[in-house]
Amino acid sequence: MDIKLKAALAIIKKNKQCSFVTVGADGTLNARIMTNLFTEEARKGFFYFATALNSRKAEDIRKRKTAIIVFYGPANRGYVTVKGEAALVADKKTKDRFWQESWKAFWPDGRSSENYCIVKVRAVEAELLQGRRGEKEYFYFEQTVLP
């Protein structure tokens, strides 16, 4: 595994939460803190988050699929930025895979709630900043083709 990818995955995996940015209908950026539903698919550039279908973020994704995710390194030393394409996934298998009982506060009907879905982001571009020098390095996820 590439050393930059390994360093990036270490930061991503340790982050329970990250910044998730979408583009609103008027072109403004909408940022929020999201729970990182980390899977080993991150190696291939796929990231997952839970949301409500009637949320502003879901509306943004329907109109413009662009998403930016920022994962912060320990003690704010470094970060990983992922730019990608987001999709709303609401099939039973995916909803079951990620469901957490603590989410009943948001979706009282549980994983069968029609308003609950998963956001899947496919990385298009990624950068890693680490150490004190502040030099950004671009890296590739496995099986991801970047422009």
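Derivation of every value follows stated rules applied to the coordinates shown; laboratory data play no part. Please read these numbers as outputs of a predicted model, since none were measured by experiment. Reconstructed Cβ throughout: ideal geometry from the backbone, glycine too, with neighbour counts over all protein chains shown.
Between SER112 and ASP96, the contour length at 0.36 nm per residue exceeds the Cα-Cα span by 4.9 nm.
In debye to the nearest 20, how big a dipole does the stretch 16-134 give about its Cα centre with +1 on each Lys and Arg Cβ and -1 on each Asp and Glu Cβ?
On the way: 22 positive and 13 negative charges, 55 e Å.
Roughly 260 debye for the stretch 16-134.
Note on the stretch 3-138: dipole from Cβ charges, positive end direction compared against GLY78, ALA126, GLY110; the farthest Cα belongs to GLY78. Over all projection directions, the Cα-based convex hull of the stretch 3-138 averages an area of 8.5 nm².
Based on C-alpha pairs under 8 angstrom that are at least 6 apart in sequence, the chain has a relative contact order of 26 percent. Estimated from helices alone, the mean residue ellipticity of the chain at 222 nm is -5000 deg cm²/dmol (sum of -39500 (n - 2.57) over DSSP H runs with n ≥ 4, per residue).
Output the peptides 82-93, 119-130, 49-60 sorted from most to least packed, where packing is the average of other Cβ atoms within 10 Å over each peptide's residues.
Answer by packing, highest mean first, reads 119-130, 49-60, 82-93.
Computed from Cα atoms, the angle from the helix 3-14 axis to the main principal axis of the chain rounds to 40 degrees. Cβ-Cβ distance of ALA87 and ILE3, R₀ of 25 Å, FRET efficiency by 1/(1 + (r/R0)^6): the value works out to about 0.25.
So if R0 is 25 Å, what FRET efficiency would LYS104 and ASP26 give, r being the distance between their Cβ atoms, rounded to the nearest 0.05? Before the final figure, lay out each step's value.
Details: r = 34 Å, r/R0 = 1.35.
In this case the efficiency is close to 0.15.
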